[in-house]
């Protein structure tokens with residue numbers, strides 16, 4: 001078990017701030033709404049590295065899914081906190097890598113014309129579980145359970161539902177290390193930061 005770094009502790013505090021913002025936003029704003037959302041992720045995690053030879057493999061993109069809740073404060077200019085469960089899978093030449101995580105984006109959006117708007121903002125990530133189908137290996141440790149990335153995209157919002165398409169990318173490397181069949185740590189490592197397109201349907205409640 002690794003010692004928690006100052007940056008990870010900060011990420012954890014920021015993650016909790018997003019959750020509290022979501023829970024409290026409706027208590028302090030009359031111009032607010034909330035709902036549920038879900039959809040598909042077209043994703044790949046980062047490169048798979050092998051320290052000895054400095055070789056790497058770019059993963060093949062795969063389809064994942066997500067579902068969660070959101071809040072929205074404002075109309076033409078709005079703040080949209082979300083809390084989302086996400087499952088992703090990346091395919092490598094030597095196997096696959098699965099990851100389950102909680103995402104807490106804090107988005108700022110601007111209405112352009114009609115139902116169309118643009119949005120962007122940070123996304124705080126907490127990794128719940130990882131698993132690998134890479135032959136002869138098992139996950140030893142992920143460097144940071146908490147990390148941060150960026151979301152930006154386009155949304156079409158109607159009275160009862162909306163659609164959005166966004167891109168998500170992690171800001172910094174967040175490597176996973178591996179154990180071999182004998183339980184020994186090996187040099188192979190994998191960058192777990194997200195790199196994905198996300199298509200979501202949201203329903204206002």
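Within the range 57-79, residues that are farther than 16 Å from residue 91 by Cα sit with their Cβ atoms under 7 Å from residues that are modelled with pLDDT under 90 and outside any strand (DSSP E or B), at 6+ positions apart or across chains, in these pairs: 71/22; 71/25; 71/26; 73/25; 73/29; 73/31; 74/31; 75/31. Hey, could you check the range 97-117 for residues that are over 18 Å from the mean Cα position of the chain (by Cα) and assigned to a strand (DSSP E or B) and say which is farthest from residue 146 (Cα to Cα)? Restricting to residues being over 18 Å from the mean Cα position of the chain (by Cα) and assigned to a strand (DSSP E or B), the top hit is 113.
Scanning the range 69-83 for residues that are over 18 Å from residue 159 (Cβ atoms) and buried (at least 21 other Cβ atoms within 10 Å of the Cβ) yields 81, 82. Per the conditions (1) exposed (fewer than 15 other Cβ atoms within 10 Å of the Cβ); (2) at pLDDT 65 or above, the sole criterion not satisfied by residue 64 is (1). Screening residue 157 against (1) over 17 Å from the mean Cα position of the chain (by Cα); (2) surrounded by 19 or more Cβ atoms within 10 Å (Cβ to Cβ); (3) modelled with pLDDT under 90 leaves a single unmet condition, (3). Scanning the range 85-119 for residues that are surrounded by 21 or more Cβ atoms within 10 Å (Cβ to Cβ) and under 18 Å from residue 34 (Cβ atoms) gives 103, 104, 105, 107, 109, 117.
The values are calculated or read from the model by the stated rules, or taken from the named source; none is laboratory data. Please read all numbers here as calculations on a predicted model, not as lab measurements. Cβ: placed from backbone, ideal geometry, glycine included. Neighbour counts: every protein chain shown.
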